[in-house]
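These notes are about the structure you will find just below.
The values are calculated or read from the model by the stated rules, or taken from the named source; none is laboratory data. Quantities reported herein were computed from a predicted structural model and do not represent experimental measurements. Counting neighbours? That spans all protein chains shown, and the Cβs are built from the backbone with ideal geometry, glycine included. Calculation scope for accessible area: heavy atoms of the full protein, side chains included, ligands and nucleic acids excluded. Shrake-Rupley method; radii C 1.70, N 1.55, O 1.52, S 1.80 Å.
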Amino acid sequence: TFQMRYVINSGSGVIRDGSGTVRSSNTYYTVNSAPGSFSWNFEGTTVGQADITFYAKKPGGSDETVNMVIDVAETDFNFTASSSTTSADVNSSAPISFNIAQLGSESLTYTMRYTSAISGTFNYNGNSYAPGDLIPVGAGAFSGSFTGTQSGSSNLRFTVTASNGISKASNVGITYNSTAFTFNGSPADGSIYKDENTNLNFAISEASPS
């Protein structure tokens, strides 16, 4: 039989054997699968470089050592925001799709804020949010919509911040147009007697947005 132990020289983490059992530092454990190949598992718990020395021996024998260095990075993520349209009428909503792709398995929460160059509201999950409001979101794909209440380019900028402090931003450009229309009116009879009446006819025609 063989025995193995380890010492974490720098950094910190949790080490488990092949069955998922947590193994304590500097304690010998019997390795039933040796001689032969086997795997243990390291989970980094702090950002930085983890330096670990493993020791293996036969009972009563001397140690053989293996040193491993593992770089542990802060959990990161990718964030994208996009819209299937680049223009919309004032007071109409434009769809916006989002995706937060987390890199790593750490449990994180996310919030989102946005800025806009024009007046309007962002609608998500049944709620309306003004620029600067904190919007709770989750990892993965989700969607919302923006309603511009004045004409012009929205220049929307969405910023997502993870609970570990990392932030990512993505821009969406939607131009809101005031719909052109014509308004005409005239009386049905331009000349009437006292106590008579005449219809007042109107017509409003709306042009297609450019």
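The rows are residues; the columns are (1) open to solvent by less than 80 Å² (accessible area, probe 1.4 Å); (2) closer than 24 Å to Phe77 by Cα; (3) among the acidic types (Asp, Glu); (4) touching a residue at least 60 places away in the same chain (Cβ under 8 Å).
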{"site": "Arg157", "(1), (2), (3), (4)": "no, yes, no, no"}
{"site": "Ser170", "(1), (2), (3), (4)": "yes, yes, no, yes"}
{"site": "Phe181", "(1), (2), (3), (4)": "no, no, no, no"}
{"site": "Ala188", "(1), (2), (3), (4)": "yes, no, no, no"}
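Rundown of residues vs (1) under 30 Å from Gly165 (Cα atoms); (2) not acidic (Asp, Glu), yes/no style:
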{"site": "Thr30", "(1), (2)": "no, yes"}
{"site": "Gly44", "(1), (2)": "yes, yes"}
{"site": "Gln49", "(1), (2)": "yes, yes"}
{"site": "Glu74", "(1), (2)": "yes, no"}
{"site": "Phe77", "(1), (2)": "yes, yes"}
{"site": "Thr86", "(1), (2)": "no, yes"}
{"site": "Ile100", "(1), (2)": "yes, yes"}
{"site": "Tyr110", "(1), (2)": "yes, yes"}
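Quick grid of which residues meet (1) open to solvent by less than 70 Å² (accessible area, probe 1.4 Å); (2) under 23 Å from Gly140 (Cβ atoms); (3) free of Cβ contacts under 8 Å to residues at least 40 places away in the same chain; (4) not charged (D, E, K, R):
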| residue | (1), (2), (3), (4) |
| --- | --- |
| Ser37 | no, no, yes, yes |
| Trp40 | yes, no, yes, yes |
| Gln49 | no, no, yes, yes |
| Lys58 | no, no, no, no |
| Thr109 | no, yes, no, yes |
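Among the strands (runs of 3 or more DSSP E) confined wholly to the stretch 137-210, which include 1 or more residues that are among the small types (Gly, Ala, Ser)? Spell out how you get there, then give the answer.
Values: elements: 140-148, 156-162, 167-172, 175-177, 181-187, 200-206.
Passing ranges, in order: 140-148, 156-162, 167-172, 181-187, 200-206.
Can you pull out the residues in the stretch 177-210 that are modelled with pLDDT of 85 or more and touching an Asp or Glu at 6+ places or on another chain (Cβ under 7 Å)?
Asn177, Thr198
So is Gly132 at pLDDT 95 or above, crowded, with 18+ Cβ neighbours inside 10 Å and under 21 Å from Gly173 (Cβ atoms) or not? Even if it seems obvious, please write down each step before you answer.
Working: at pLDDT 95 or above: yes; crowded, with 18+ Cβ neighbours inside 10 Å: no; under 21 Å from Gly173 (Cβ atoms): yes.
So Gly132 does not fit the description; no.
Between Thr65, Thr53, which is open to solvent by 60 Å² or more (accessible area, probe 1.4 Å) and in contact with a Phe, Trp or Tyr (Cβ under 7 Å, 6 or more places away or on another chain)?
Numbers: Thr53 fails: open to solvent by 60 Å² or more (accessible area, probe 1.4 Å).
After applying the criteria, what remains is Thr65.
Can Tyr114 be described as within 16 Å of the chain's Cα centre (by Cα), surrounded by 15 or more Cβ atoms within 10 Å (Cβ to Cβ) and over 14 Å from Pro95 (Cβ atoms)? Break it down stepwise before answering.
Working: within 16 Å of the chain's Cα centre (by Cα): yes; surrounded by 15 or more Cβ atoms within 10 Å (Cβ to Cβ): yes; over 14 Å from Pro95 (Cβ atoms): yes.
When the stated conditions are applied, Tyr114 passes them.
Condition check: among the hydrophobic types (A, V, I, L, M, F, W, C) and surrounded by 13 or more Cβ atoms within 10 Å (Cβ to Cβ). Does Val72 satisfy that?
On the way: among the hydrophobic types (A, V, I, L, M, F, W, C): yes; surrounded by 13 or more Cβ atoms within 10 Å (Cβ to Cβ): yes.
Answer is yes for this residue.
Take the stretch 93-116 and flag every residue that is more than 15 Å from Ser170 (Cβ to Cβ) and outside any strand (DSSP E or B).
The answer is Gly104, Ser105, Glu106, Ser107, Leu108, Thr109.
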